[in-house]
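Q: Provided herewith is a single structure, encoded as structure tokens, for subsequent inquiry.
The values are calculated or read from the model by the stated rules, or taken from the named source; none is laboratory data. None of the values given here were measured: they were computed from a predicted structure. Quick reminder, even Gly has a Cβ in these numbers, built from the backbone with ideal geometry, and neighbours come from all protein chains shown. SASA here: full protein model, heavy atoms, side chains in, ligands and nucleic acids out. Shrake-Rupley method; radii C 1.70, N 1.55, O 1.52, S 1.80 Å.
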Amino acid sequence: MMNQTPTPQNAAPVIAINGLHKSYGQLEVLKGVSMTAPRGHVISLIGSSGSGKSTLLRCCNLLENSQAGEILFEGEPVRWKGQGQNRQPADGAQVTRMRTNLSMVFQQFNLWAHMTILQNVMEAPVTVLGEDRAAVEARARDLLAKVGIGDKADAWPAQLSGGQQQRAAIARALCMQPKALLFDEPTSALDPELQQEVVRVIKDLAGEHRTMILVTHDMRLAADVSDHVVFLHQGVVCEEGPPDRLFGNPQTDRLRQFLSATMAT
Ligand SMILES: Nc1ncnc2c1ncn2[C@@H]1O[C@H](COP(=O)(O)OP(=O)(O)OP(=O)(O)O)[C@@H](O)[C@H]1O
Ligand SMILES: [Mg+2]
């Protein structure tokens, strides 16, 4: 989705990754990856299992360490201490600011089982951001209504379908009023008919020009909502571009193979 003309204050991308390297021990998972999420844009990350999509997403909000390369949040580079395997973020306040502004939605929803849906949505804004409880509750109820489960506020997660739980998880992420939403295969754990209700919410968010990075195996969703698609293969960006070109006219054999394998299933 195209954004309005950027003003000088918001010209910096919400997230920019430059030449990121990430290893787990001897296994090099990201081999110099660069990716940019401009404000108001939806970036989809596609690629086969093990290509490093989740790792890249988790590096974006510093849930994972990386060994080299830059991560910038709204133009502000993450400050590091140490080098290589010992590198880690130097500034705890910066880490908290980034994490609270880059809300993650996981494949398995990760709702707190011992809290009601409303409590799940309210938890982080109240405890992490220290916001006023009444204000957060009003926002949380609005968000639950927005994702179509306003009547489930007092239910427990186990009482909801997978599609409803995932919509609750999206409301929870939105309640933080983040600068970007990071989705890691938000529909993969759901039956096809439940996927559609989550897809509808993601499309609505894209229509509102929310900044999003979306890891997905759903090529139709990626084609429908993305401004830009990044195809990761074995830890490198193999091909990237607007969805009509990537899906309509792939340039590399790797991407052609991936698309024909994915479309066949
Ligand atoms: N905590 C970890 N420790 C060691 N290796 C890991 C860890 N997490 C991921 N890996 C490895 O890193 C590589 C990339 O994993 P990642 O989860 O990023 O892939 P992915 O593209 O998200 O795959 P999928 O589509 O299956 O979710 C894989 O080889 C995986 O086994
Ligand atoms: Mg993954």
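Q: Specify which of the listed residues (Pro89, Pro13) is away from ligand 1 (no atom under 16 Å from the Cβ), open to solvent by 10 Å² or more (accessible area, probe 1.4 Å), in contact (Cβ under 8 Å) with a residue 12 or more places away in the chain and touching a His at 6+ places or on another chain (Cβ under 9 Å).
A: Pro13
Q: Could you grab me the full set of residues in the stretch 244-265 that are charged (D, E, K, R) and either under 15 Å from Ser48 (Cβ atoms) or more than 25 Å from the chain's Cα centre (by Cα) (or both)?
A: Residues satisfying the conditions are Asp253, Arg254, Arg256.
Q: Here is a check on your reading of the model: is Val29 within 9 Å of ligand 1 (Cβ to nearest atom) and either over 22 Å from Pro242 (Cα atoms) or touching a residue at least 60 places away in the same chain (Cβ under 8 Å) (or both)?
A: Considered against the rule, which asks whether it is within 9 Å of ligand 1 (Cβ to nearest atom) and either over 22 Å from Pro242 (Cα atoms) or touching a residue at least 60 places away in the same chain (Cβ under 8 Å) (or both), Val29 comes out as yes.
Q: Can I ask one more? Tell me the residue from Thr5, Thr36 that is open to solvent by 40 Å² or more (accessible area, probe 1.4 Å), of a type in the set (Ser, Thr, Tyr) and modelled with pLDDT under 95, please.
A: Of the residues listed, the single one that is open to solvent by 40 Å² or more (accessible area, probe 1.4 Å), of a type in the set (Ser, Thr, Tyr) and modelled with pLDDT under 95 is Thr5.
Q: Still on this structure, I have one more. Within the stretch 52-83, take every residue that is open to solvent by 30 Å² or more (accessible area, probe 1.4 Å) and part of a helix (DSSP H, G or I) and give me the one that is nearest to ligand 1 (Cβ to nearest atom).
A: This residue is Ser54.
Q: Here's a follow-up. Any chance you could count how many residues in the stretch 195-247 are β-branched (Val, Ile, Thr) and free of Cβ contacts under 8 Å to residues at least 40 places away in the same chain? If you could, list the steps in order and put the result at the bottom.
A: Looking only at the stretch 195-247, we keep the residues that are β-branched (Val, Ile, Thr), and these are 198-199, 201-202, 211, 213, 215-216, 225, 229-230, 236-237.
Keeping just the survivors that are free of Cβ contacts under 8 Å to residues at least 40 places away in the same chain gives 198-199, 202.
Counting residues in the stretch 195-247 that are β-branched (Val, Ile, Thr) and free of Cβ contacts under 8 Å to residues at least 40 places away in the same chain gives 3.
Q: For the structure I just gave you, tell me whether Ser49 is closer than 30 Å to Leu194 by Cβ, open to solvent by 30 Å² or more (accessible area, probe 1.4 Å), without any contact (Cβ under 8 Å) to a residue 12 or more places away in the chain and within 16 Å of ligand 2 (Cβ to nearest atom).
A: Judged against the criteria, Ser49 is a match.
Q: Within the stretch 74-92, which residues are at pLDDT 95 or above and of a type in the set (S, T, N, Q)?
A: The one that is at pLDDT 95 or above and of a type in the set (S, T, N, Q): Gln88.
Q: Taking the criterion of being under 19 Å from the mean Cα position of the chain (by Cα) and in contact (Cβ under 8 Å) with a residue 60 or more places away in the chain, would at least one residue in the stretch 111-134 satisfy it?
A: yes
Q: Would you check if there is a residue in the stretch 181-193 being within 20 Å of Asn61 (Cα to Cα) and touching a Pro at 6+ places or on another chain (Cβ under 7 Å)?
A: no
Q: Output the residues belonging to the stretch 52-78 that are more than 12 Å from ligand 2 (Cβ to nearest atom) and of a type in the set (S, T, N, Q).
A: Asn61, Asn65, Ser66, Gln67
Q: Separate question: Touching a strand residue (DSSP E or B) at 6+ places or on another chain (Cβ under 8 Å), open to solvent by 10 Å² or more (accessible area, probe 1.4 Å) and within 16 Å of ligand 2 (Cβ to nearest atom) - does that describe any residue in the stretch 99-106?
A: Yes: the stretch 99-106 contains one or more residues that are touching a strand residue (DSSP E or B) at 6+ places or on another chain (Cβ under 8 Å), open to solvent by 10 Å² or more (accessible area, probe 1.4 Å) and within 16 Å of ligand 2 (Cβ to nearest atom).
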